[in-house]
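Remarks on the structure that follows.
Every read-out reported here was derived from the displayed coordinates using simple, explicitly stated rules and does not represent laboratory data. All values derive from a computational prediction rather than experimental measurement. All Cβ positions, glycine included, derive from the backbone under ideal geometry; neighbour counts span all protein chains shown.
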Amino acid sequence: MTSPIVRFAPSPTGRIHIGNARVALFNFLFAVAHHGRFALRFDDTDFARSSEEFARGIEIDLAWLGVVPDAIFRQSERVALYEEAAERLRRSGRLYACYETAEELEKRRKMQQARGLPPIYDRAALRLSPAERAALEAERRRPHWRFLLEPGVVEWNDLIRGPAHIDCAALSDPVLIREDGSFLYTLPSVVDDIDMGITHVIRGEDHVTNTAVQMQIARALAPHAPAPIFAHHNLLVGAGGEALSKRTGSLSIASLREEGYEPMAVAALATLTGSSDNVHAMRSLDELSQSFDLSHVSRNPARFDPADLETLTHRTLALYEFGDVRERLEALTIVGRKAEPLWRAARGNLARFDDILTWWRVVEGDIAPIREDEPFLKDAARLLPPEPWDETTWSAWTSNVKSATGRKGKALFHPLRLALTGAESGPELAALLPLIGHAKALSRLAGA
């Protein structure tokens, strides 16, 4: 395979949700796995609803996931290309003016359905005489423009779905330009794919029916250019099977970030859900890309349950080495010689990254010790060995306490944990005790 060029093309009309992010991740991981290029292309020709605020928000959400584009394009800055392509299609007879109103088209569809006919456009505009066209324009009707589909079956080999085909006789000629002269999604997308040299179009299966139309437009505009390879993946749905919508904020990336989930947990769950691969924790997108394979994607809907993010976030944090999180710890002012050993000790006990602050307070700050058995704790305090301490200190100390008090098991260890950490459970005290230090340990045990 030559180095692929892929794209993620969101409309900046809202913040992206996990289903949109899945498309971006599929494209990005494919590019990384095959040493290709990934472009972020904002389909922002809907000027009424698109905004720079949403575009910036999408970039932030992708960056949080680790998806960094090699190039960024905005269709609003490329309108001249689309105008030129439209004019070429008009000259070749493939783009034609239609004057029906939305109400007239709806009435015609209902009549076709009542007669048992497929509700496709009947190309009435092509039968207008010059006089009829002039009369409609005299009424100040502004045309919309349709692409004239050629009859026949369009075939392609889908990287996920296998051999696929669409009979264009079953499709309406698609509207490419609205009455106000603005472009719908289809023509700019094809023009950009040609201009950018897109080699693979990886997108949701809701776009399967668009493929035949886009392949015909591409052939009309660039008959000698190679067609991109298509891959249509299953769609993410909510845990209850509900469709996701960026307009309602369903599982938005911003909300998942605010809830404290790890970006790698979100990326792994979004990518591996609905595939033959087991969902498991990973340290990086590079690692995820090494196992990413479009042929593993299922044809069935992929249910995304946010509850799974709880476990996966915990497991992801447990994988991280200190170098993976050094900067994030510094942002929480967790620095100095205790930072790395604390991370190693506590990473397996974190539900969210910020939970590390709890254990930083245990070793560096003040806590409220829980002293349930004062006489026993004073005996334990009396037996505390002098520093320096290391990870063998806990075992040596508790062995002496056991011999002196006769305590063992939970009766020995639980009161010590409550006093030293103020918590019922947590990291191994063999690792924590040297970080807590003699002075703090003595104060918490004896109340000194």
Give the distance, in whole Å, between the Cα centre of segment 1-53 and the Cα centre of segment 175-225.
15
For segment 122-171, which GluC sites (Glu not before Pro) are both in a DSSP coil and crowded by at most 16 other Cβ atoms within 10 Å?
Glu139
At most 16 other Cβ atoms within 10 Å and a DSSP loop assignment: could you name the trypsin sites (Lys or Arg not before Pro) in segment 246-351 that fit?
Arg247, Arg283, Arg299, Arg337
Between Ala331 and Arg74, what FRET efficiency comes out of the Förster formula 1/(1 + (r/R0)^6) with R0 = 22 Å and r the beta carbon distance, rounded to 0.05?
0.10
Taking the chain and counting helices only, DSSP H stretches of n ≥ 4 at -39,500 (n - 2.57) each over all residues, the nearest-500 ellipticity at 222 nm comes to -14000 deg cm²/dmol
Within segment 62-117, which trypsin sites (Lys or Arg not before Pro) sit in a loop by DSSP and count at most 11 neighbouring Cβ atoms inside 10 Å?
Arg115
With N set to the number of residues, divide the alpha-carbon radius of gyration of the chain by 2.2 N^0.38 Å and report two decimals.
1.39
Most packed first (mean Cβ within 10 Å per residue), the peptides 49-60, 119-130 order as 49-60, 119-130
What fraction of the Cα pairs in segment 351-404, stated in percent, has a spacing above 18 angstrom?
53
Pull up the cross-link candidates among the lysines for Lys410, meaning alpha carbon to alpha carbon under 21 Å and not fewer than 8 places away within one chain.
Lys378, Lys402
Partners for Lys338 among aspartates and glutamates (Cα-Cα distance below 18 Å; same-chain residues under 8 apart left out):
Glu321, Asp324, Glu327, Glu330, Asp354, Asp355, Glu364, Asp366, Glu387, Asp390, Glu391, Glu428
